[in-house]
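S.K.: Okay, handing you the structure first.
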Amino acid sequence: MLAACGRQTQNAQVPPTPGAVKSAASAGVDTKASQNNRMAIAAKFDEAGPFSDGLAAVRAGAKFGYINKQGTIVIAPQFDFAGAFSEGLAAAGIGAKNGYIDKQGKFVLTPQFETADLLPFSEGLAAVRVGEFLEGKWGYMDKQGKLLIKAQFDQAGSFSDGLAVVAMDGKWGYIDNQGKLVIAPQFASAGSFAEGLATVRVGDFLTGKTGFIDKQGKIAIASQFESAFPFHDGLAEVSLDGKYGYIDKQGQMAIAPRFDFADSFSGGLAAFRAGDEETGKYGFIDTKGNVVIAPQYDFADMFSASDGLAAVRVGDDKTGKYGYIRQ
């Protein structure tokens with residue numbers, strides 16, 4: 001249950017600017033020196049999640065624990081799954097016991113109802129699936145373990161900007177923190193609000209296009225992309241013809257779609273991949289599209305907004321090890 005860097009894509013009516021990713025040399029980047037100088041925590045973990053609240057979930061062997069920013073294990077590996085800390089708590093599980101732990105690794109909230117899935121707390125509420133994976137429904141729980149919004153949704157996301165994305169009968173819409181539908185389920189897919197906008201897919205899932213709506217449910221950026229993702233640092237990654245780039249809040253292309261994969265910005269940097277998913281390498285660009293960390297990692301996650309570290313993998317997805325680099 002660790003955050004990974006997997007995404008989708010979209011198509012815009014803005015013609016892509018020709019050109020490839022800038023080379024490390026043209027960006028003034030020394031690949032080997034960059035990797036050595038930026039490595040803050042050695043690549044020694046079997047899996048690694050993002051830092052949040054000063055801690056990150058890591059897997060050593062079959063079990064998950066947590067490390068601090070010095071790479072020291074502060075919560076021993078003991079969990080079968082472990083999520084990121086948010087609002088002082090992290091979702092975790094040992095065997096049949098699922099709930100939320102504090103920063104000492106102690107369970108402080110174990111729901112008295114059957115839960116199949118737990119999302120991080122956000123704005124005081126956590127989305128939880130009650131019942132079995134196939135037949136269970138999603139609702140929202142407070143930090144006392146009370147189900148404040150009854151389990152009634154087919155899928156659900158975390159609260160952001162005062163709203164949460166939910167699905168009912170195959171369509172996505174948005175609720176407020178009282179559980180009231182404020183944007184009716186009508187989209188083939190939808191994402192969480194960020195910086196006042198949210199991604200929505202208009203049309204069917206396979207042939208539709210993705211754009212952005214405002215908090216009144218009105219289209220703010222026309223549905224024209226193959227896929228799109230939330231705004232961070234004023235930019236959102238989108239895809240056109242299988243390549244990733246970034247738009248601004250006016251829907252204008254700010255960084256031309258030329259990357260084989262691209263992630264969200266955080267702290268002014270975003271991960272990108274040069275090459276295919278199997279053999280490509282990950283590096284980082286700035287908000288102008290300049291390469292500041294040359295493609296050299298076999299996987300790279302977003303930089304943590306709170307802690308300035310990003311998980312990277314050295315080696316393939318079977319035998320490689322994860323560590324953390326600094327901005």
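Only the coordinates and a few stated rules stand behind these numbers; no lab work does. These numbers come from a predicted model, not from an experiment. So basically every Cβ, Gly included, is an ideal-geometry build from the backbone, and we count neighbours across all protein chains shown.
S.K.: Among the lysines, select those whose C-alpha is under 25 Å from the C-alpha of Lys63, and discard any that sit fewer than 8 residues away in the same chain.
M.R.: Lys44, Lys97, Lys103, Lys106, Lys318, Lys321
S.K.: Then there is this: What does the charge dipole of the chain about its Cα centre add up to, to the nearest 20 debye, if the Cβ of each Lys and Arg holds +1 and the Cβ of each Asp and Glu holds -1?
M.R.: On the way: 32 positive and 36 negative charges, 98 e Å.
The dipole magnitude comes to about 480 debye.
S.K.: Per residue of segment 194-206, what does 6.51 cos²θ - 1.76 cosθ + 1.60 with θ = phi - 60° give for ³J(HN,Hα)? Whole Hz please, x for Gly and Pro, Karplus curve as stated.
M.R.: Computed from phi, the couplings for segment 194-206 are 8, 6, x, 10, 9, 7, 9, 10, 9, x, 6, 5, 7 Hz.
S.K.: Another question, then. Using the alpha-carbon centroid of each, what span in Å lies between segment 259-316 and segment 239-255?
M.R.: So the two Cα centres are separated by 17 Å.
S.K.: How high is the FRET efficiency from Lys103 to Leu181, r the C-beta distance, R0 51 Å, rounded to 0.05? List each step's numbers first, then the result.
M.R.: Working: r = 35 Å, r/R0 = 0.70.
Computed FRET efficiency for Lys103 and Leu181: 0.90.
S.K.: If you line up the Cα atoms of segment 31-326 on their principal axes, what length do they span on each, largest first, in Å?
M.R.: 53, 47, 28
S.K.: Explain nothing, just compute: Karplus ³J(HN,Hα) = 6.51 cos²θ - 1.76 cosθ + 1.60, θ = phi - 60°, for every residue of segment 158-165 in order, whole Hz, x for Gly and Pro.
M.R.: 6, 6, 7, 6, x, 10, 10, 7
S.K.: Taking Cα pairs under 8 Å and at least six residues apart, what relative contact order does segment 31-326 come out at, in percent? Intermediate values should be presented prior to the final figure.
M.R.: On the way: 790 pairs, mean separation 37.7, N = 296.
Computed value for segment 31-326: 13 percent relative contact order.
S.K.: Quick check for segment 151-250: number of Lys pairs with alpha-carbon distance under 20 Å, counting only pairs 8 or more apart or on different chains?
M.R.: Lysine pairs meeting the criterion: 11.
S.K.: Under the Karplus relation 6.51 cos²θ - 1.76 cosθ + 1.60, θ = phi - 60°, what is the ordered set of whole-Hz ³J(HN,Hα) values for segment 295-308, x standing for Gly and Pro?
M.R.: Each residue of segment 295-308 in turn: x, 8, 9, 7, 6, 8, 9, 5, 6, 5, 5, 8, 10, x Hz.
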